[in-house]
Amino acid sequence: MAYRNANYSAFYVDDPTSDSNLGVNATRDFCYYSTLKMWKGKDIDFPFIDAHDKTYKVRDDSDWESTLKPKLRERLRNSKNIVLFLSSITGKSRALREEIDYGINILGLPVIAIYPEYDSMESLLTNGDLKRSVKNLWDKLPVFRDLMEVVPTIHMPMKKELIKSALQNDGFMVRSKKEAGIYWFNL
C-alpha cells in the first residue's frame, strides 16, 4: 500500500506538445502550481509535498495509455488530497478529467480547490455563499462539478496562509477526511 503523504496538483495545460520551448511552463495554471513549489522552496515548513516529484518525469508527448495515464494514477495513489487550480483559462483536457475522476471516484481524495484569480475569501463569497462567478468555473470541468460533493471539497483564493491551513487540515486528507460536502473558511 502506498504511503499517502503527497499533495496531487491538478491544473489545466492548454497544449503540452506546443512548439514553444517553454511548453507547459508557459501556461498560467502551471504557473500557479509552480507558486506552491516556490513557497515550499522558500519556507521548509510550508506543508506542500509535491506528488509529481515522487515518480520519474514523463515527457508530455508520451503515449497516453501506456505511460501518461498510469503515471498520473500512481501519483494520485501516493496522495492524500488533490490541489485543483480553477481559473478563467481552465479548459477541457483528457489528463485533467482523468485526474479528477480517478482521484475522487476511485480513491476518494478530498479536494482543495484554489481560484487564483481571487485574492481573498471575501472576493469568493457573496451573502455567505460562493459567488456565481466561482460556480461558473465548475462548468469548465464538469467531472469536478458533478463529483465535488462526493468528497470534502474546500474552496479558496490563491492566498498562501489559507492554502497552508487547508493543507494542514486533517479534514481534507484521505485517511481522516471530514464528511463529504462543499466547504470554505468562515470569515
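Can you confirm whether residue 28 is modelled with pLDDT of 65 or more and closer than 19 Å to residue 90 by Cβ? Quick ask: steps written out before the conclusion?
On the way: modelled with pLDDT of 65 or more: yes; closer than 19 Å to residue 90 by Cβ: yes.
Here the answer is yes, as residue 28 does meet what is asked.
Can you name every residue in segment 165-184 that is touching a residue at least 24 places away in the same chain (Cβ under 8 Å), small (Gly, Ala, Ser) and in contact with an Asp or Glu (Cβ under 7 Å, 6 or more places away or on another chain)?
As a first pass, look at segment 165-184 and keep what is touching a residue at least 24 places away in the same chain (Cβ under 8 Å): 166-168, 171-175, 177-184.
Remaining after also requiring small (Gly, Ala, Ser): 166, 171, 180-181.
Within segment 165-184, 180, 181 qualify.
So is residue 128 at pLDDT 95 or above, small (Gly, Ala, Ser) and at positive phi or not? First the steps, then the outcome.
Details: at pLDDT 95 or above: no; small (Gly, Ala, Ser): yes; at positive phi: yes.
Considered against the rule, which asks whether it is at pLDDT 95 or above, small (Gly, Ala, Ser) and at positive phi, residue 128 comes out as no.
Could you check residue 71 against (1) in contact with a helix residue (DSSP H, G or I) (Cβ under 8 Å, 6 or more places away or on another chain); (2) at pLDDT below 95 and say which number it fails?
It fails just one condition, (1).
Among the residues of segment 113-130, which ones are over 21 Å from residue 79 (Cβ atoms) and surrounded by 15 or more Cβ atoms within 10 Å (Cβ to Cβ)? Step through it out loud before you land on a result.
Restricting attention to segment 113-130, the residues satisfying the condition of being over 21 Å from residue 79 (Cβ atoms) are 117-130.
117, 118, 121, 123, 124, 125, 130 - these are the residues of segment 113-130 that are over 21 Å from residue 79 (Cβ atoms) and surrounded by 15 or more Cβ atoms within 10 Å (Cβ to Cβ).
Out of segment 148-163, which residues are touching a strand residue (DSSP E or B) at 6+ places or on another chain (Cβ under 9 Å) and farther than 18 Å from residue 9 by Cβ?
Matches in segment 148-163: 149 only.
Considering each residue of segment 167-179, count those that are surrounded by 15 or more Cβ atoms within 10 Å (Cβ to Cβ) and in a loop (DSSP other than H, G, I, E, B), and give that number.
Quick first cut of segment 167-179, residues surrounded by 15 or more Cβ atoms within 10 Å (Cβ to Cβ) only: 167, 169, 172-174, 177-178.
With in a loop (DSSP other than H, G, I, E, B) added as a condition, the list becomes 169, 173-174, 177-178.
Going through segment 167-179 one residue at a time, the tally reaches 5.
Do you know which residues across segment 87-112 are of a type in the set (Val, Ile, Thr), buried (at least 17 other Cβ atoms within 10 Å of the Cβ) and either closer than 13 Å to residue 68 by Cβ or at pLDDT below 95 (or both)?
If we filter segment 87-112 for residues that are of a type in the set (Val, Ile, Thr), which is where we start, we get 89-90, 100, 104, 106, 111-112.
Filter once more, so that each one left must be buried (at least 17 other Cβ atoms within 10 Å of the Cβ): 90, 100, 104, 111-112.
The one that is of a type in the set (Val, Ile, Thr), buried (at least 17 other Cβ atoms within 10 Å of the Cβ) and either closer than 13 Å to residue 68 by Cβ or at pLDDT below 95 (or both): 90.
The values are calculated or read from the model by the stated rules, or taken from the named source; none is laboratory data. Computed from a prediction, not measured in an experiment: that's the story for all the values here. Positions of Cβ are backbone-derived with ideal geometry, glycine not excepted, and every protein chain shown enters the neighbour counts.
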